[in-house]
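Presented below is the structure to which this report refers.
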Number of protein chains: 2
Amino acid sequence: MTKSKYKRFKKFFEPNSVAFYGASRSFMRFGSFNMINLIVGGYKGKVYPIHPKYETVLGIKAYKSILDVPHDIDLVVYVAPISVLADKIMDEIGRKGVKNVIVVSAGLKEIGKVETSKNLKGIIEKYDITMLGPNCIGWIVPKENIYCTPMPIYHEPGEIALLSQSGSFAAHTFLALNQIPFKVSKVLSVGNCLTTDLTDCLEVIEEDADSKYIGLYIEGIRRGKEFVKVARRVSLKKPIVAMQIGQGEAGKRAAYSHTAAISTPSELFDDICKQTGIIKVENTIEMLNLLYTMSKQPLPKGPKIGVITIGGGPGTLIADLCEKYGLQVPLLSDETQKILKDKYLPFTGSAKNPVDITFDQDFTNFYKNVPKVLLKSGEVDGLIFYGLFSADFWTRAINDLPDYMQEDDTFNIDNMDQIKKSMQVIMDQSFKRLKRLGEKYEVPIIFSAFNDRFNDQSVESARKFDLPVFYPAEASKIMAQMFQYKKFLNKYS
Amino acid sequence: MTKSKYKRFKKFFEPNSVAFYGASRSFMRFGSFNMINLIVGGYKGKVYPIHPKYETVLGIKAYKSILDVPHDIDLVVYVAPISVLADKIMDEIGRKGVKNVIVVSAGLKEIGKVETSKNLKGIIEKYDITMLGPNCIGWIVPKENIYCTPMPIYHEPGEIALLSQSGSFAAHTFLALNQIPFKVSKVLSVGNCLTTDLTDCLEVIEEDADSKYIGLYIEGIRRGKEFVKVARRVSLKKPIVAMQIGQGEAGKRAAYSHTAAISTPSELFDDICKQTGIIKVENTIEMLNLLYTMSKQPLPKGPKIGVITIGGGPGTLIADLCEKYGLQVPLLSDETQKILKDKYLPFTGSAKNPVDITFDQDFTNFYKNVPKVLLKSGEVDGLIFYGLFSADFWTRAINDLPDYMQEDDTFNIDNMDQIKKSMQVIMDQSFKRLKRLGEKYEVPIIFSAFNDRFNDQSVESARKFDLPVFYPAEASKIMAQMFQYKKFLNKYS
């Protein structure tokens with residue numbers, strides 16, 4: 001390979017035309033799903049279905065062979081039987097001059113077809129083709145409206161690149177988009193890694209200006225030394241969050257059946273993470289939560305966390321977990337405690353840290369005054385909140401009031417209507433101010449609450465101003481993982 | 001205490017009348033919230049607001065003193081200043097003959113008022129009153145439409161009792177109801193535990209026929225020996241799921257500021273769990289997930305888990321975590337593998353376990369045939385699925401198709417309409433059959449998927465037939481915790 005890796009991948013990212021094998025008359029087929037999603041997702045380039053029998057496929061003129069297409073083709077997506085690919089089609093693709101191919105179809109090394117695998121590799125090398133797969137799931141480039149997986153989910157471009165050996169993780173995770181509003185720049189799934197592996201993808205994303213954060217799903221690391229070298233270089237520029245699966249006995253068996261991967265032993269992987277600065281996570285949700293937060297909030301400069309809560313229990317849990325994961329929740333200075341006590345806390349509150357404002361209904365104290373005192377004191381490097389005053393909540397309560405309550409002159413109904421109307425405005429103002437406060441002091445702010453992840457005005461409002469919302473137990477770990485990466489950067493960059 | 005604990009608590013559970021201190025003209029007050037929610041929640045008994053100034057409170061006739069109320073009162077809820085309670089009100093309550101009192105107000109031992117605390121205790125003992133609190137959050141008894149906390153959330157009665165030192169956990173967790181549709185029988189929050197602690201509550205719930213599963217939020221165990229004795233006895237009848245907070249340095253400080261609790265050291269708590277059969281969880285979501293699952297599915301009789309997946313990656317993760325948490329994912333026998341391979345799996349699938357049907361679109365294989373083969377073989381004690389075919393998904397894809405695709409005669413639009421309409425029916429049938437299959441073999445079945453937790457037809461449908469849905473990483477741990485409890489029962493009951 002003499003061209004830079006990024007250049008070789010360019011036509012995966014900006015193809016003017018795609019030839020598609022495997023879409024057909026039946027809606028309930030993998031190939032049809034992928035092509036439908038490519039088109040429904042809004043891809044602007046030309047699509048040429050290749051089909052041995054039909055004149056049109058999904059309403060688009062089809063060709064019997066790629067050699068019949070009277071135009072240049074930038075990229076091939078292959079979702080048809082893999083034996084035909086090795087025997088005949090890949091050679092035709094090569095002769096057509098196409099240099100980028102995505103093979104979704106499975107059925108090679110993971111089911112024992114080592115010979116076919118070798119043949120295919122030979123043809124690819126002969127024509128200098130860059131191939132993803134086989135046994136991958138497609139790819140996603142929101143900037144070009146490319147959402148070519150079996151899942152019809154689309155979103156605006158973000159800054160997170162997901163690189164995955166597992167197709168399910170690369171595609172199904174988008175089902176969680178309403179829970180965690182992460183946004184991707186690129187998704188590449190590599191499957192069996194016949195000629196392109198995760199290390200290649202890392203090098204490509206290293207050069208990709210649209211990608212600032214990287215998520216890696218690993219079933220087994222190949223070319224270990226090269227991986228470590230590249231990962232370390234890349235993670236000094238862009239954080240890499242990774243999970244490895246296939247650790248247990250059944251897991252190893254499954255990983256091999258899946259993508260013919262030989263999984264890396266768990267201790268070795270831990271070691272690799274330490275050497276390279278990769279942030280290791282335990283599961284998919286943890287990965288997405290962390291990447292999403294990193295894309296919205298700065299890294300904490302130190303380990304000292306201020307916890308601001310409307311409930312003692314959750315505040316205590318957050319403090320426990322901060323310490324468990326290597327952060328500190330320092331006792332605030334007498335001076336800072338005095339300011340909080342005298343000015344902003346009810347007499348039943350605690351100013352020690354966690355700062356417990358109890359069920360005080362003063363938005364201004366919770367969202368503005370208390371965090372301001374903490375940040376101004378310089379005694380904390382990050383803030384975790386527990387509690388979101390949900391506007392929906394009070395609105396619902398007010399709507400359900402029995403008539404006699406509403407008619408009672410002791411109960412100021414006009415004021416309630418006012419509350420209802422102004423709640424959204426108050427929310428937005430509060431979060432906007434808090435976002436600015438965080439920016440001023442360059443300190444990360446993470447919220448936690450049990451509120452619904454969507455259909456909840458307060459969560460939506462917080463997210464609108466880049467303030468992530470998690471469950472209490474998640475927030476502490478995310479903050480700790482961000483600090484872990486910060487320490488790596490401090491040490492080596 | 002000579003009466004049984006349950007009898008002493010009876011009027012918390014079935015009060016005919018409640019006197020309420022602390023509701024007022026202002027909507028934005030803790031006391032007002034609690035009383036509004038009691039009434040809006042549908043409580044059928046009498047409510048008597050007690051207020052020193054107003055003639056009516058929230059549209060209901062108020063009394064200057066409880067002694068002025070010309071009726072019997074079963075229960076008092078107190079959300080007014082606590083100094084007045086100790087100085088005067090508790091004595092009036094005693095003289096009125098009320099035996100059950102819930103004190104929501106805080107501000108005693110946790111802020112250093114030891115003397116006031118002692119006085120209050122003296123009066124309570126003099127009148128033989130059973131009191132919850134101070135510094136609790138109210139209580140919930142759905143059977144009687146009692147939802148007396150600051151959170152306006154109501155649901156039908158369930159079989160889970162939540163007993164909590166932290167008020168936030170007892171009330172705020174209900175914000176997660178859409179994510180985890182657990183249903184409670186009773187919620188009791190004990191706060192500072194001045195006279196009633198969690199051990200008392202455990203004894204009460206032991207006798208409560210409506211409660212079959214118990215969740216415990218602990219900040220610090222008091223009367224350790226008694227707790228162990230009671231918890232062990234109770235957990236042989238009803239599973240107890242518990243979390244303890246206040247483990248770290250800041251956490252201990254916070255727990256004391258919160259409910260004046262001295263937290264139990266982590267190792268000691270682990271030991272207590274082992275002795276008593278308590279299932280320890282790390283956080284609130286884990287607790288609710290587990291209690292919900294136990295209320296819907298039987299315990300696994302052994303450690304052998306069958307994993308059925310539509311994606312290799314998530315299947316591998318589930319297998320890894322099963323083994324990590326002490327379960328097994330056994331290689332299926334040649335015979336069973338042969339049946340699966342010959343009859344139900346695509347050639348790219350794996351029959352080893354995890355059983356990977358890949359992205360095969362055959363509902364009948366995934367939801368019926370494959371699980372049937374596994375259960376019939378007797379080789380597994382529980383099933384974890386990965387993947388839910390979401391009806392919403394295909395519906396959305398179909399709706400978004402461009403006209404030229406829909407008009408193309410290769411594309412059978414009538415058939416698509418059919419799919420759209422019948423999807424819900426297919427879902428329901430599949431889950432209904434699967435539920436029956438699980439019941440026949442007395443084996444727990446848990447689903448995992450990244451699908452939204454609500455607004456998703458397939459998740460709703462699964463839940464309708466008592467099949468819980470979690471993220472992949474959650475499912476394995478829940479199954480392992482259920483097996484852990486089963487082993488305790490096998491050994492000691």
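Summary of values
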| quantity | calculated |
| --- | --- |
| Which listed residue is over 17 Å from the mean Cα position of the chain (by Cα) and within 22 Å of B:Lys109 (Cβ to Cβ), from B:Glu144, B:Glu125 | B:Glu125 |
| Residue within region B:190-208 that is of a type in the set (Gly, Ala, Ser), outside the structural domain of B:Ala462 (by TED's automatic domain parsing) and not in a loop (DSSP other than H, G, I, E, B) present | no |
| Region A:209-219, residues that are open to solvent by 10 Å² or more (accessible area, probe 1.4 Å) and in a strand (DSSP E or B) | A:Tyr213 |
| Tally, over region A:357-372, of residues that are over 31 Å from the mean Cα position of the chain (by Cα), modelled with pLDDT of 95 or more and buried (at least 24 other Cβ atoms within 10 Å of the Cβ) | 1 |
| Whichever residue in region B:166-203 is of a type in the set (D, E, K, R) and under 26 Å from B:Arg232 (Cβ atoms) and, among such residues, is most open to solvent (accessible area, probe 1.4 Å) | B:Glu203 |
| Criterion violated by A:Lys304 - all others in (1) in contact (Cβ under 8 Å) with a residue 40 or more places away in the chain; (2) facing chain B (nearest Cβ under 9 Å) satisfied | (2) |
| Filter result (in contact (Cβ under 8 Å) with a residue 60 or more places away in the chain, under 30 Å from A:Gln247 (Cβ atoms) and not in a helix (DSSP H, G or I)) within region B:458-476 | B:Leu467, B:Pro468, B:Val469, B:Phe470 |
| Strands (runs of 3 or more DSSP E) completely within region B:116-164 that count 3 or more residues being in contact with a Ser or Thr (Cβ under 7 Å, 6 or more places away or on another chain) and under 24 Å from B:Lys3 (Cα atoms) | B:130-132 |
| Flag for A:Arg436 being within 18 Å of the chain's Cα centre (by Cα) and either more than 20 Å from A:Pro300 (Cβ to Cβ) or not in a loop (DSSP other than H, G, I, E, B) (or both) | no |
| Of the criteria (1) within 21 Å of B:Met482 (Cα to Cα); (2) within 14 Å of another protein chain (Cβ to nearest Cβ), which one B:Ala171 fails | (1) |
| Odd one out for B:Asp208, checked against (1) of a type outside the set (A, V, I, L, M, F, W, C); (2) out of contact with any Lys or Arg (no Cβ under 8 Å at 6 or more places or on another chain); (3) in contact (Cβ under 8 Å) with a residue 60 or more places away in the chain | (2) |
| Within region A:26-46, considering residues that are facing another protein chain (nearest Cβ under 8 Å) and outside any helix (DSSP H, G or I), the one surrounded by the fewest Cβ atoms within 10 Å (Cβ to Cβ) | A:Met28 |
| Index of the failed condition, B:Ala23 passing every other in (1) outside any strand (DSSP E or B); (2) within 28 Å of B:Thr199 (Cβ to Cβ) | (2) |
| Hits in region B:443-465 (condition: touching a Phe, Trp or Tyr at 6+ places or on another chain (Cβ under 6 Å) and open to solvent by 10 Å² or more (accessible area, probe 1.4 Å)) | B:Phe465 |
| Region B:303-321 - residue that is open to solvent by 10 Å² or more (accessible area, probe 1.4 Å) and either of a type in the set (Phe, Trp, Tyr) or in contact with a Phe, Trp or Tyr (Cβ under 9 Å, 6 or more places away or on another chain) (or both) and, of those, modelled with the highest pLDDT | B:Pro303 |
| Check on B:Glu335, within 14 Å of another protein chain (Cβ to nearest Cβ), among the charged types (D, E, K, R) and on the phi < 0 side of the Ramachandran plot | no |
| Counted residues, region B:228-261 - those being in contact (Cβ under 8 Å) with a residue 40 or more places away in the chain, under 20 Å from A:Pro354 (Cα atoms) and either away from chain A (no Cβ under 13 Å) or in a helix (DSSP H, G or I) (or both) | 4 |
| Flag for B:Lys296 being out of contact with any strand residue (DSSP E or B) (no Cβ under 7 Å at 6 or more places or on another chain), closer than 19 Å to B:Phe431 by Cα and either aliphatic (A, V, I, L, M) or not in a helix (DSSP H, G or I) (or both) | yes |
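Here's the yes/no breakdown for (1) without any contact (Cβ under 8 Å) to a residue 60 or more places away in the chain; (2) within 12 Å of chain B (Cβ to nearest Cβ); (3) surrounded by 18 or more Cβ atoms within 10 Å (Cβ to Cβ):
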{"residue": "A:Gly22", "(1), (2), (3)": "no, no, yes"}
{"residue": "A:Tyr48", "(1), (2), (3)": "yes, no, yes"}
{"residue": "A:Ala62", "(1), (2), (3)": "yes, yes, yes"}
{"residue": "A:Ile73", "(1), (2), (3)": "yes, no, yes"}
{"residue": "A:Leu120", "(1), (2), (3)": "no, no, yes"}
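The values are calculated or read from the model by the stated rules, or taken from the named source; none is laboratory data. Only a predicted model underlies this, so the values are computations on that prediction, with no experimental measurement involved. Positions of Cβ are backbone-derived with ideal geometry, glycine not excepted, and every protein chain shown enters the neighbour counts. Please note that ligands, DNA and RNA were not included when accessible areas were found on the heavy atoms of the full protein model with its side chains. Shrake-Rupley method; radii C 1.70, N 1.55, O 1.52, S 1.80 Å.
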